[in-house]
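A short write-up of the structure that comes next.
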Amino acid sequence: MRLKTIFILLFLITLYGCGTTEPAAEEDERPESLYELTEEDEDYDPMLDETLSEEQRLLARTRSNLGQHYSESMQVIPEMYLGEIVTNERQRDPHVGFRVQLFTTTNVAAADSVRDHFVAWADTTIAGYEPDAYVIFRSPNYRVRAGDFQDRNQAIHFSNMLKPRYPDAWVVHERIEPSNVPADTADIRFVDLITVDPDVFEPYEDPEEENDN
């Protein structure tokens, strides 16, 4: 009788042990299914999944809110920081800009002559701006360049004005003199044509060719 009772107790203990281990196995599988579905199925809503516990639903809701907040914060830049970006763009090196190259030669005397003639010509012909001219030596050539511009469009406009007299005029990047830069609103133009000698618009003659003659 005692032996029979022992067998019955062992049988009941075995059944109880099997009953407690099966739910644990199911719980271990639920988190895995949660992560797999949320990554692969966009229509999956963990809030409607009846197989999830309250803790797992809370975890899913928290992850969703954090992801949405992170996405929105990455797309929206506060206006105060946008203002700083614009300010930083304007704080550029004032010495970086453009000039108009007029003439290139290996003869320093010819370069000096072109520069002096240009300054005298511009003083009586150009209004709205008083351009200076420079001789830049970069071996083996001397380059005559005029004007100081931070605005490329202004430099192009000025170059087009000079082409009738200096056909080879073109815009180049250059270190400039900020104090000689025209205002953004400057109206750079020729003076009244009626009061100007028409000869000032004739193409400038190369001083080296004059010496050869």
Residue-count net charge about residue 137 - beta-carbon cut-off 13 Å; Lys, Arg +1, Asp, Glu -1: +3
Cut-off under 5 Å, modelled amide H: who pairs with residue 126 long-range: 191
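Read the figures in this text as sums done on the coordinates, not as results from a lab. All of these numbers come straight from a predicted model, not from anything done at the bench. All Cβ positions, even for glycine, are placed from backbone atoms using ideal geometry, and neighbour counts span all protein chains on display.
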